[in-house]
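Structure first, commentary second.
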Amino acid sequence: MEEPMGRRFAVGYALASKKQASFIRISLINVAKEKNIDLIKIDLEKPLIEQGPFDLVLHKIYGAEWRQQLAEYSAKYPNVLIIDSLDAIERLHNRISMLQVVTELNVVECETVSFGIPKQIAVYDSGAMEEMDLESEGLKFPVIAKPLVADGSAKSHKMSLVYNRDGLSKLKPPVVLQEFVNHGGVIFKVYVVGEYVKCVKRKSLPDVNEENLGSLKGSLSFSQVSNLNNVERSGAYYRMMDLDDGKTEMPPMNFLVDIARGLRRAMGLHLFNFDVIRDTRIGNRYLVIDINYFPGYAKMPGYEQVLTDFFWDVLHKKSNDKKDVNLDGLKQSSCEKEVRMLVNNTGYDEGHDGASNLPISPLKRDEKENTIQV
Ligand SMILES: Nc1ncnc2c1ncn2[C@@H]1O[C@H](COP(=O)(O)OP(=O)(O)OP(=O)(O)O)[C@@H](O)[C@H]1O
Ligand SMILES: O=P(O)(O)O[C@H]1[C@H](OP(=O)(O)O)[C@@H](OP(=O)(O)O)[C@@H](O)[C@@H](O)[C@@H]1OP(=O)(O)O
Ligand SMILES: [Mg+2]
Ligand SMILES: [Mg+2]
């Protein structure tokens, strides 16, 4: 049912100051305002329960205390929407569980494009690292070593490209050792906002020539752009990273939309992006290498409208794309044959949300958690 004329909605946001500075721009506040949506800062110094009331809480804050605050808030205001559930978000804090979900999505009968994840293993301590036999794990040098924990800390973005055993010995477990896949120095970042999907290409690590491996020293450390300081993260930086070479072919959009939809449902999340590379050995094989909760949306041109539309949709409990929610039948094929995204080997059948095992219906409230189902 439509809200009465003039009804305003309060969206509370709980964000770290860096995130707030990049995301809550005056332009976003104004576009939202035009749609009767007021964006209101949640004061993290005060108990959440004393603030609001909000129709929707948007957050990128972690930890037991915040979890408790959200639970109390939901209990006091059973109708508040919390986007997204902390349990669902926290699956992304471990680089194994983060990508596991990708392997549980299945594209049936698509001959032209395929997707997956690079081979990877977690190493939990130095002893295990010393004994590590990459080959028996199905890996070979070079590998990329990533902190197992991906909690947004500076540490969690510190990576190394490891060329040989010497490089392995310098790593500080727990880490994930991931197959380094040559991908032509281009990464595709796929931004998801509910049902909206946008792909951009950026510069990535250059290919490694295996013939040169012997001459390279143990490892090369680097850190991802998300932890550069504000000067380094200026517009000029992103212009430099944006790849407008005109020659890199984008992955098929409907293929990405299928993956995005599958991930959204399997993870029970609305706001995330995923990084995709094209395996140059195989051609049309795409690998998901990273999934991030509530990424840097402000880098998307027109993000104000996209986010406002999303808020409006969820606040009005409507779905733009009902067929998207109804998983019966085969639709939106990624290739000429029909493609079906299924959450397999989880025991969930169609019409279920792999993350919460609750039946899916269009943006319906989960009364227990005050989250909405995707
Ligand atoms: N398996 C891989 N093969 C080749 N290059 C990779 C691989 N994994 C990561 N990279 C490169 O390393 C970069 C950092 O990796 P990743 O995206 O996993 O780190 P992150 O710190 O989680 O990044 P973000 O800031 O997006 O959260 C990627 O953007 C890509 O350039
Ligand atoms: O800060 P930016 O705008 O670059 O956004 C980055 C975001 O940092 P922030 O949430 O602290 O802002 C990162 O979050 P954490 O992993 O560190 O939690 C991660 O999501 C990156 O992938 C985002 O970069 P993008 O993928 O969009 O290029
Ligand atoms: Mg990344
Ligand atoms: Mg990441």
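Among the residues here, Leu205 qualifies as in a loop (DSSP other than H, G, I, E, B) and within 13 Å of ligand 3 (Cβ to nearest atom). Thr308 meets all of the listed conditions (1) within 16 Å of ligand 2 (Cβ to nearest atom); (2) closer than 25 Å to Leu92 by Cβ; (3) at pLDDT 95 or above but one, namely (1). Checked against (1) without any contact (Cβ under 8 Å) to a residue 60 or more places away in the chain; (2) away from ligand 3 (no atom under 16 Å from the Cβ); (3) of a type outside the set (A, V, I, L, M); (4) crowded, with 17+ Cβ neighbours inside 10 Å, Ser156 meets all criteria but (2).
Residues of the range 180-203 that are in contact with a Cys (Cβ under 9 Å, 6 or more places away or on another chain), open to solvent by less than 10 Å² (accessible area, probe 1.4 Å) and within 23 Å of Gln120 (Cα to Cα): Phe188, Val190. For Glu45, all conditions in the list (1) free of Cβ contacts under 8 Å to residues at least 40 places away in the same chain; (2) open to solvent by less than 20 Å² (accessible area, probe 1.4 Å); (3) farther than 30 Å from Lys146 by Cβ hold save one; what is the number of the exception? Condition (2) is where Glu45 drops out.
Out of the range 142-159, which residues are in contact with a helix residue (DSSP H, G or I) (Cβ under 6 Å, 6 or more places away or on another chain) and either in a strand (DSSP E or B) or over 19 Å from Asn94 (Cα atoms) (or both)? Lys146, Pro147, Val149, listed by residue number. Taking into account only those residues within the range 273-303 that are part of a strand (DSSP E or B) and aliphatic (A, V, I, L, M), which is nearest to ligand 1 (Cβ to nearest atom)? Filtering the range 273-303 for residues that are part of a strand (DSSP E or B) and aliphatic (A, V, I, L, M), the one nearest to ligand 1 (Cβ to nearest atom) comes out as Ile289.
Here is a yes/no grid of residues against (1) open to solvent by 80 Å² or more (accessible area, probe 1.4 Å); (2) within 16 Å of ligand 4 (Cβ to nearest atom); (3) modelled with pLDDT of 80 or more; (4) closer than 19 Å to Gly185 by Cα:
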site	(1), (2), (3), (4)
Leu205	no, yes, yes, yes
Lys217	yes, no, no, no
Leu228	no, yes, no, no
Glu232	yes, no, no, no
Tyr238	no, no, no, yes
Met241	no, yes, no, yes
Asp244	yes, no, no, yes
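I'd like to check something: does the range 142-150 contain any residue that is within 13 Å of ligand 4 (Cβ to nearest atom) and open to solvent by 60 Å² or more (accessible area, probe 1.4 Å)? Yes. Screening Leu256 against (1) more than 14 Å from ligand 1 (Cβ to nearest atom); (2) crowded, with 23+ Cβ neighbours inside 10 Å; (3) under 20 Å from Leu58 (Cα atoms) leaves a single unmet condition, (3). Beta carbons closer than 8 Å, at least 6 apart along the sequence or on distinct chains, pair a first residue in the range 257-281 that is assigned by the TED database to the domain that holds Tyr196 and within 10 Å of Phe115 (Cβ to Cβ) with a second that is among the charged types (D, E, K, R) and within 14 Å of ligand 2 (Cβ to nearest atom) for Val276/Lys189.
The residues of the range 49-61 that are modelled with pLDDT of 95 or more and either among the small types (Gly, Ala, Ser) or over 19 Å from Ile24 (Cα atoms) (or both), listed by number, are Ile49, Glu50, Pro53.
Here Leu168, Leu161 are screened, and the one residue that is among the hydrophobic types (A, V, I, L, M, F, W, C) and farther than 19 Å from Val288 by Cα is Leu168. Restricted to the range 160-179, and to residues there that are out of contact with any helix residue (DSSP H, G or I) (no Cβ under 9 Å at 6 or more places or on another chain) and in a helix (DSSP H, G or I), the residue that is least open to solvent (accessible area, probe 1.4 Å) is Gly167. Ile61 - would you say it is open to solvent by less than 50 Å² (accessible area, probe 1.4 Å) and under 30 Å from Leu148 (Cβ atoms)? Yes.
The values are calculated or read from the model by the stated rules, or taken from the named source; none is laboratory data. All values reported here derive from a predicted model rather than from experimental measurement. So basically every Cβ, Gly included, is an ideal-geometry build from the backbone, and we count neighbours across all protein chains shown. To get the accessible areas, we keep the full protein, side chains included, count just its heavy atoms, and leave off ligands, DNA and RNA. Shrake-Rupley method; radii C 1.70, N 1.55, O 1.52, S 1.80 Å.
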